[in-house]
Amino acid sequence: MSFTPSAHIHGHKLVELLGSWHGTARPSSQALAAALRQLALDGRLPPGTKLPAERDLADALGVSRTLVARTLDRLREEGFAASRRGAGSWVKLPDRERDNESHGGWFPAADSEVLNLAQATPSAPPELCAAVDQARLRFAEQLSGHGYQPHGLPELRERIAERYAKRGLPTNPDQILVTSGAQHGFALLLRMLVSPGERVLVEHPTYPNALEAIRGLNVAPVAVPMVEEGWDLELLAASLRQTSPRLAYLIPDFHNPTGIRLDADGRARLARELARTCTTAVIDETLAEIDLTGDQAPLPMASFTDRALLVGSASKSFWGGLRLGWIRASEDFVQRAVVGRAAVDLGSPILEQLVLAELLRDADRLLERRRAESIERRDHLIAALREHLPHWRFRVPDGGLSLWCDIGAPVSSRLSVAAEQHGVRVAPGVRFSVHGSLERWMRVPYTLPGDQLEEAIRRLATASSSMPDGPGPTALTAPLA
């Protein structure tokens, strides 16, 4: 597919983005290509960005023109750059058929030696195989029908409704719409409720893929900063009144990426502000079941206001490969959503729904083991950070699957580039930012086994030390929490 350059980046700006791209090692085309590739994957060099001419880039970086030429050759071979005589070279992303190669975005190939800390996604639970076996026995019952279930399988909707009832929110199956993941559910709600040019209020930081969905509809995100304790509800209320957003997207249950949970008093106050401003809120409950505190959980937001549309997911509690989620709303709203869904898809896969229904049959036992595993891995990660990166500061999260770390200096994008060269992939704070800030921050998940977490942090520390002007032990004086 042909592609036309849409923007130009000057040499000095590219040098700034690259930072210490070769660390203390001798500059090489391999290191420069890896750094530019990471900037493209991170979105700092969007597709279509025209690169400086070879001579100009070589002068800006202080390297030979031959090294730059070899770098561009590598990037073209990998699908990350294109060139045309008379037009120069520009950034692109690999074609679809390259997606399974080891440099494929945030998803390294299965046989890749890269340790992936860019995704906070756990592996499948051991109970999954037994659930698949049981689902196969039930699958034959479905084969005589047409296979389309736009609402979702009745059995699965009943199990999801039962989970809400256990959490203190009475729900009937007609209030549940099964979707192909929480992201799919959020995208459906955006299409239904928001028009281009309107505003959606979000926390800052927030989940990157939600921001992509918002921007993809030409909708403006309105950022409300999180504070150290969590939500500044006074500021959030003022933002609701002053900006009149069409919708709010909020994560009160183990907020991604900070891991903080909004308490019952905070939920009640938030509900009053939503009612006062007539604002509908999409409540992302993807991490609601990953509670690591053992405390009594506050009721879901829909217990406090009928303006809350709840979006859940099987990906964090069970397994991302199931690609299933749900929307919990009023019966009338669910019926409207089914009609709107027809423009996007006609239902979620039947076999996967049967599998999830089986997993939900004994969900408490499975989730208890998942929580114990997450606590063990979280503590392992904390110990590794204290040993290898003792100047990083973070709050031990109430739940969820990651730490949100203040790394001591605004270099997280550059550190992510350096880390890739040391075999570990991380998501810099800018990916969770509405306006490209948060460079002092980095999300570090604890979803890998303990030995892999230890090795990943060791590599990350090596990458950090390879940056001459990167964060050091004196960058922070506050103790690690």
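The values are calculated or read from the model by the stated rules, or taken from the named source; none is laboratory data. None of these values were measured; they are calculated from a predicted model. Don't worry about glycine lacking a Cβ; one is built from the backbone with ideal geometry, like all the others, and counts go over all protein chains shown.
If I filter segment 448-461 for residues that are surrounded by 23 or more Cβ atoms within 10 Å (Cβ to Cβ), assigned to a helix (DSSP H, G or I) and touching a strand residue (DSSP E or B) at 6+ places or on another chain (Cβ under 6 Å), do I get at least one hit?
Yes: segment 448-461 contains one or more residues that are surrounded by 23 or more Cβ atoms within 10 Å (Cβ to Cβ), assigned to a helix (DSSP H, G or I) and touching a strand residue (DSSP E or B) at 6+ places or on another chain (Cβ under 6 Å).
Can you name the number of the only condition in (1) surrounded by 15 or more Cβ atoms within 10 Å (Cβ to Cβ); (2) in the same structural domain as GLN452 (by TED's automatic domain parsing) that ASP379 fails?
That leaves (1) as the condition not met.
Would you check which residues across segment 185-239 are in a loop (DSSP other than H, G, I, E, B) and more than 18 Å from the chain's Cα centre (by Cα) and list them?
VAL194, SER195, PRO196, GLY197, GLU198, LEU217, ASN218, VAL219, GLU228, GLU229, ASP232
Answer yes if at least one residue in segment 327-337 is crowded, with 19+ Cβ neighbours inside 10 Å and out of contact with any strand residue (DSSP E or B) (no Cβ under 9 Å at 6 or more places or on another chain), and no otherwise.
Among the residues of segment 327-337, not one is crowded, with 19+ Cβ neighbours inside 10 Å and out of contact with any strand residue (DSSP E or B) (no Cβ under 9 Å at 6 or more places or on another chain), which makes the answer no.
Among (1) more than 18 Å from the chain's Cα centre (by Cα); (2) assigned to a strand (DSSP E or B); (3) small (Gly, Ala, Ser), there is one condition SER464 misses while meeting the rest; what is its number?
The single condition SER464 does not satisfy is (2).
Scanning segment 15-30 for residues that are outside any loop (DSSP other than H, G, I, E, B) and within 17 Å of PRO428 (Cβ to Cβ), which turns out modelled with the highest pLDDT?
Ranking the candidates gives LEU18 first.
Suppose we keep only residues that are surrounded by fewer than 16 Cβ atoms within 10 Å (Cβ to Cβ) and modelled with pLDDT of 85 or more within segment 31-55. Which one would you say is nearest to LEU14 (Cα to Cα)?
For segment 31-55, the residue satisfying everything is ALA53.
Report, ordered by the first and then the second residue, all pairs with beta carbons closer than 8 Å, sequence separation of six or more or different chains, a first member in segment 332-344 that is within 16 Å of GLN183 (Cβ to Cβ), and a second member that is of a type in the set (Ser, Thr, Tyr).
So the pair list comes out empty.
Residues are listed down the side, and each one gets a yes or a no for (1) buried (at least 19 other Cβ atoms within 10 Å of the Cβ); (2) within 16 Å of THR121 (Cα to Cα):
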residue: ASP364; (1), (2): no, no
residue: GLU368; (1), (2): no, no
residue: GLU373; (1), (2): no, yes
residue: ARG386; (1), (2): no, no
residue: HIS391; (1), (2): yes, no
residue: VAL396; (1), (2): no, no
residue: LEU403; (1), (2): yes, yes
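Test of understanding: among VAL339, VAL334, which residue is aliphatic (A, V, I, L, M), in a helix (DSSP H, G or I) and modelled with pLDDT of 95 or more?
VAL334
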